[in-house]
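Participant: Just dropping this structure here.
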Amino acid sequence: ITHGFTKSCGCYKLNKLAQRSTKHGLCGHRLYNIYMLMKSRCNNKHSKRYKDYGGRSIFLCEEWKSDFMSFYNWSNKNGYKDNLSIDRIDNNKGYSPNNCRWATVIQQAHNTRKNKLSMELAQEIRNTKLLIPNITLKELSKVYNTTFTNISMVLTNQSWTIEK
């Protein structure tokens, strides 16, 4: 630079490389994290949740499979808010625009294929109680289709399975 042979310290080249490598600039966005977790549940055999998703042939539609921006645009046009999570309307079908919605924790709790409490579902009950502190144990038992006693045991960390 000082001798006039170069016109840049290297920043220009690095900036151009960064621009070429950046697809959407949203890798830190909540929607991107949701998208990546969806893909992992469906495609990564090492994911804890794979057996409930990819293991049951629950996958992302072709439109979303390799195009985050398609998912991002659909989300913003279909009610995405930071307090909602992605929910499959039919739990036996995959993630696609016609089978997904943005739902509250309560809506998702009503839309479950599980009729037994698992460790994950017990954690969901605990999270619901944290998100909605004034929800009663009776309301929680209705939402999760279990007994008042089971809800109480989950919330006091005494149990996470239903006794039938």
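The values are calculated or read from the model by the stated rules, or taken from the named source; none is laboratory data. Values in this document were obtained by computation on a predicted structure and should not be read as measured data. Cβ sites come from the backbone with ideal geometry, for glycine too, and all protein chains shown count toward neighbours. Heavy atoms of the whole protein, side chains included, go into the accessibility calculation; ligands, DNA and RNA do not. Shrake-Rupley method; radii C 1.70, N 1.55, O 1.52, S 1.80 Å.
Participant: Kindly list the number of the only condition in (1) in contact (Cβ under 8 Å) with a residue 24 or more places away in the chain; (2) not in a loop (DSSP other than H, G, I, E, B) that fails for ASP82.
Facilitator: Of the numbered conditions (1) in contact (Cβ under 8 Å) with a residue 24 or more places away in the chain; (2) not in a loop (DSSP other than H, G, I, E, B), the odd one out for ASP82 is (2).
Participant: Moving to a separate point now. All but one of (1) surrounded by 10 or more Cβ atoms within 10 Å (Cβ to Cβ); (2) modelled with pLDDT of 90 or more; (3) not in a helix (DSSP H, G or I) hold for GLU63; state the number of the condition that does not hold.
Facilitator: Among (1) surrounded by 10 or more Cβ atoms within 10 Å (Cβ to Cβ); (2) modelled with pLDDT of 90 or more; (3) not in a helix (DSSP H, G or I), GLU63 violates only (3).
Participant: Among the residues of region 120-164 satisfying the criterion of being open to solvent by 100 Å² or more (accessible area, probe 1.4 Å) and not in a helix (DSSP H, G or I), which is modelled with the highest pLDDT?
Facilitator: Step one: of region 120-164, the residues open to solvent by 100 Å² or more (accessible area, probe 1.4 Å) are 130-131, 134, 138, 142, 145, 148, 157-158, 160, 163-164.
If we keep only those that are not in a helix (DSSP H, G or I) as well, we get 134, 145, 157-158, 160, 163-164.
Working: ASN134: 92, ASN145: 80, ASN157: 80, GLN158: 73, TRP160: 64, GLU163: 44, LYS164: 40.
The qualifying residue modelled with the highest pLDDT is ASN134.
Participant: Output the number of the condition that SER70 fails; it satisfies all remaining conditions of (1) within 28 Å of THR128 (Cβ to Cβ); (2) open to solvent by less than 30 Å² (accessible area, probe 1.4 Å).
Facilitator: (1)
Participant: Can you tell me which residue within region 1-52, out of those that are under 28 Å from TYR80 (Cβ atoms) and modelled with pLDDT under 70, is most open to solvent (accessible area, probe 1.4 Å)?
Facilitator: LYS23
Participant: Give the number of residues within region 96-119 that are at pLDDT 90 or above and not hydrophobic (A, V, I, L, M, F, W, C).
Facilitator: Total satisfying the criteria: 5.
For every residue, the table says whether it meets (1) outside any helix (DSSP H, G or I); (2) under 27 Å from SER118 (Cβ atoms).
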| position | (1), (2) |
| --- | --- |
| CYS42 | no, yes |
| SER47 | yes, yes |
| LYS51 | no, yes |
| TYR72 | no, no |
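Participant: A further question follows. So, in region 73-87, of the ones that are more than 14 Å from LEU37 (Cα to Cα) and of a type outside the set (S, T, N, Q), which residue ends up surrounded by the fewest Cβ atoms within 10 Å (Cβ to Cβ)?
Facilitator: Per the stated criteria, the residue is ASP82.
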